Structure formats: C-alpha cells, structure tokens
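The values are calculated or read from the model by the stated rules, or taken from the named source; none is laboratory data. Computed from a prediction, not measured in an experiment: that's the story for all the values here. All Cβ positions, glycine included, derive from the backbone under ideal geometry; neighbour counts span all protein chains shown.
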Amino acid sequence: MNFVAGDVARMPVIKSPRLDILVAKAIQIAKSDWNKRETSWDFCSNQLIGSLSHGELKGRVEKARFLDEIQTNNLHSLEQEIDEVVSRELGLLSTDKDQESTHLRSVTIDANENYEFSNNPKNEWGRLKEYRLVSDLVSYAVGCMFGRYSLDEPGLILADQGATLKDYLDKVPNPTFLPDADNVIPIVDGEWFQDDIVARFRAFLRAAFGDEHFEENLRFVEESLGVKQLRDYFVTRAGKSKFYEDHVKRYKKRPIYWLFSSPKGSFNALVYLHRYTPATVSTVLNEYLHEYEAKLQASLHTQEQLAVGDETPRKQAAAAKEAERLRKVLLELDEYERDVLYPLATRQLGIDLDDGVKANYPKFGRALRKIPGLEAAE
C-alpha cells in the first residue's frame with residue numbers, strides 16, 4: 001500500500017549464486033511444463049507426437065508419464081534445496097510446516113500426478129492421466145483438422161481472422177495431414193458424412209502414428225476416453241458432447257472452436273473461430289444441414305417401406321420405431337433451420353476477433369451450443 005526507501009532496504013534479499021542457479025533451473029522446468037499446454041503462447045506440438053515417428057500410442061503415453069515423473073521429482077528436489085538455502089541464509093530453523101511445503105503435492109505443475117489428481121484415489125491416477133493425455137491429443141488433432149496446427153511445423157499456423165486454406169499452404173506447402181477446406185466439420189450420430197470429425201480423426205491417427213498400429217491405437221484412444229466407440233466422445237447425447245465440454249473447460253469458457261448445434265443435438269457442426277467469415281453460416285446450412293436432412297429423408301422413406309413390407313413382425317416393428325425417430329429428428333432440424341440457422345445465414349454476420357469470444361459468441365444466439373457461465377465476468 002505504501003513503500004518508502006527504508007522499507008525496500010529492509011527486505012531480506014539473499015545474494016547467493018547457488019540460489020540463482022537453483023531458481024533458474026526450477027523456472028525452466030515450470031516453463032517447459034506450461035508450454036505442453038495447448039493454451040500456452042509457446043506451445044509447439046502435442047507431447048505424444050513430439051519428434052518421434054510412427055509407433056504405438058500406448059507406449060508413448062507410458063513414456064510421457066515416466067518423463068513427467070522425472071520432471072516432477074527434479075523440480076521437487078530443486079524446491080527442497082531452495083528452501084534449505086533460504087532457511088540457512090536467513091537463519092531460520094526448519095519446522096514441520098516447512099517439511100509439508102516441500103511435499104510432492106506442493107509441486108504445482110501438470111506433470112505432477114500428486115498435484116493434478118490429489119483429490120482422487122491413487123489407484124485412479126493412471127486412468128485419469130491417460131484420459132487427460134489422450135483428450136489433449138484429440139484437441140490437437142482437431143487443431144490440425146482446422147489448420148491451427150500442423151504435423152509438419154511447430155506452433156500456431158493459422159491464427160489470424162479470416163485465415164484460409166491457401167494461407168496454410170503458403171506456410172506448409174506439402175502437409176502430411178491436409179486441413180479441412182471449408183472450415184466446417186460435421187458431428188452427427190452415424191456415418192452420414194465421409195469427412196465428419198470421426199473420419200478426420202481416424203485419418204489424423206494414421207498420418208501421425210502410421211498404419212501398422214492404427215487399429216491398436218484407435219482402441220487405445222477409445223479405452224482412454226472411456227467410450228465404446230470414438231463417435232461417442234464427439235456426438236451430443238442427452239444435450240452434452242464430452243469433446244465440447246473438454247474444449248470449453250480447456251479454454252476456460254472461451255472456446256476457439258464453435259459448435260453449431262440443433263436444440264437436441266441431432267445435428268452439430270464445428271467451425272474454427274479464426275477462419276470464420278460472414279459466409280460460414282451459409283456453408284453450415286447449405287452444404288451440411290441440407291445434405292443431412294436429405295439423407296435422413298431417404299432413410300425415413302426406406303424405413304417406412306420396411307414397416308409395411310414383407311419383413312417379419314419384429315423387423316417391421318423395428319423399422320416403424322426407427323421411422324418415428326427419424327420424423328422427430330427431421331422436425332427438430334426443420335425448426336432449427338427455419339427459426340435459427342436460415343435467418344442467421346441471411347444476415348451474413350461478421351465478427352471482430354479483437355472483441356473476444358465473450359462478445360462474439362452470444363451474437364449467434366441459439367445457433368451455437370449454449371455455454372453456461374460464458375457471460376460471467378473475466
């Protein structure tokens with residue numbers, strides 16, 4: 001509140017070359033750990049990819065845990081030695097409280113499972129760490145799908161407003177994994193699109209880790225995410241998408257990938273904020289929602305024919321049930337198009353990235369998946 005020269009002079013500054021070295025090493029470890037986060041300005045690539053070539057994903061997760069444990073122990077040792085130097089220089093006696101401050105739980109970096117999962121039973125730490133590492137990989141993969149990242153170059157590639165695929169190819173002329181051309185990736189319950197998010201992730205997995213262990217790697221991803229099949233992680237069920245929940249949490253309710261979503265989540269399409277243009281909503285409507293509705297209409301016609309055809313009573317009942325489900329979905333999509341997406345598309349809405357997500361996201365109203373707490377103060 002009020003400092004004068006005498007106050008500053010009385011501060012217990014320790015002049016110790018050894019302490020300077022220890023602190024510098026500790027800071028470097030903490031920075032290295034922080035830069036593994038996708039949200040770090042100095043993030044280069046996902047830690048499961050690194051400089052390694054093709055191989056088993058499970059082995060990479062195990063190696064990442066091993067390296068994280070070494071990093072944690074190194075920082076822990078440095079912190080203990082720093083405490084000893086400071087205590088000695090200031091003439092302080094070590095107490096039980098000092099010992100507690102150097103407990104592994106006090107090493108507050110993501111690499112430290114004792115810190116990250118301290119509120120969970122220890123026998124669950126491995127599973128929780130697996131989930132976090134694999135969900136981080138999925139997030140990075142989606143970034144590669146949109147051109148935010150690249151398997152061939154470190155750091156951000158496309159991060160300017162209105163960035164295009166051409167801009168990406170100017171920076172990465174011969175990409176191992178080509179980003180999406182129109183900045184719209186559909187997410188629906190079923191293989192209705194050849195280039196939906198599940199198909200794109202499978203292609204990413206092959207590009208990043210090779211064909212030899214593809215099926216094994218895919219199973220490992222599904223097991224780590226706790227889903228029977230990969231699509232279950234992405235699609236909206238009971239009004240929730242686990243992938244989008246993780247994304248919103250990762251970016252602290254300021255998502256960079258926006259989810260266009262019908263009221264009950266029967267139709268979803270993901271877009272990258274930095275590649276958004278006033279024509280993006282029209283692309284979602286005309287190239288994806290309309291196509292999806294047409295495919296569902298064709299499927300409904302087939303189910304209606306089966307329901308009154310020469311099939312067994314059991315198959316007829318199943319077809320009738322599926323036909324009724326499809327009618328409800330089509331009604332939902334028709335209302336979403338008529339009341340929400342079409343009016344928004346006709347507006348050709350522009351945004352300014354400098355205004356931030358908090359200001360821009362609400363402009364799209366019911367077209368986007370609602371984010372509880374988005375309106376909260378910074």
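Observations, loosely collected:
- Complete set of residues in the stretch 251-300 that are in contact with a Gly (Cβ under 9 Å, 6 or more places away or on another chain) and β-branched (Val, Ile, Thr): ILE256, THR277
- Taking the criterion of being basic (Lys, Arg) and touching a Leu at 6+ places or on another chain (Cβ under 9 Å), the only residue of the stretch 158-178 that qualifies is LYS171.
- Neighbours by Cβ (under 6 Å, 6+ apart or cross-chain): first from the stretch 351-368, surrounded by fewer than 18 Cβ atoms within 10 Å (Cβ to Cβ); second not in a helix (DSSP H, G or I): LEU353/GLN161
- There is at least one residue in the stretch 92-112 that is part of a helix (DSSP H, G or I), assigned by TED's automatic domain parsing to the domain that holds PHE43, under 30 Å from GLU223 (Cα atoms) and at pLDDT below 95.
- ALA141 being touching a residue at least 12 places away in the same chain (Cβ under 8 Å), assigned to a loop (DSSP other than H, G, I, E, B) and on the phi < 0 side of the Ramachandran plot: no
- Of the numbered criteria (1) surrounded by fewer than 16 Cβ atoms within 10 Å (Cβ to Cβ); (2) in a helix (DSSP H, G or I), the one ASP211 fails is (2).
- Residue check: SER139 meets all listed conditions (1) surrounded by fewer than 22 Cβ atoms within 10 Å (Cβ to Cβ); (2) at pLDDT below 95 but one, namely (2).
- Selection count, the stretch 217-240, where residues are part of a loop (DSSP other than H, G, I, E, B), surrounded by fewer than 22 Cβ atoms within 10 Å (Cβ to Cβ) and not aliphatic (A, V, I, L, M): 4
- Within the stretch 264-279, the set of residues being surrounded by fewer than 23 Cβ atoms within 10 Å (Cβ to Cβ) and out of contact with any helix residue (DSSP H, G or I) (no Cβ under 6 Å at 6 or more places or on another chain) comprises GLY265, LEU273, HIS274, TYR276, THR277, PRO278, ALA279.
- Condition met for LEU151 (assigned by TED's automatic domain parsing to the domain that holds GLY210, within 26 Å of ASN35 (Cα to Cα) and surrounded by 16 or more Cβ atoms within 10 Å (Cβ to Cβ)): yes
- For the stretch 155-167, the count of residues that are under 26 Å from GLU215 (Cβ atoms), in contact with an Asp or Glu (Cβ under 8 Å, 6 or more places away or on another chain) and not in a loop (DSSP other than H, G, I, E, B) is zero.
- A search for C-beta distances below 9 Å between a residue of the stretch 221-237 that is free of Cβ contacts under 8 Å to residues at least 40 places away in the same chain and closer than 14 Å to ASP196 by Cα and any residue that is charged (D, E, K, R) and outside any loop (DSSP other than H, G, I, E, B), counting only pairs 6+ apart in sequence or on different chains, returns LEU230/ARG202; LEU230/GLU222; ASP232/GLU222; ASP232/LYS242.
- Counting the residues of the stretch 280-317 that are surrounded by 18 or more Cβ atoms within 10 Å (Cβ to Cβ) and of a type in the set (S, T, N, Q) gives 2.
- Unique residue being assigned by TED's automatic domain parsing to the domain that holds TYR257, closer than 26 Å to TRP192 by Cβ and in contact (Cβ under 8 Å) with a residue 60 or more places away in the chain when the list is THR280, THR302: THR280
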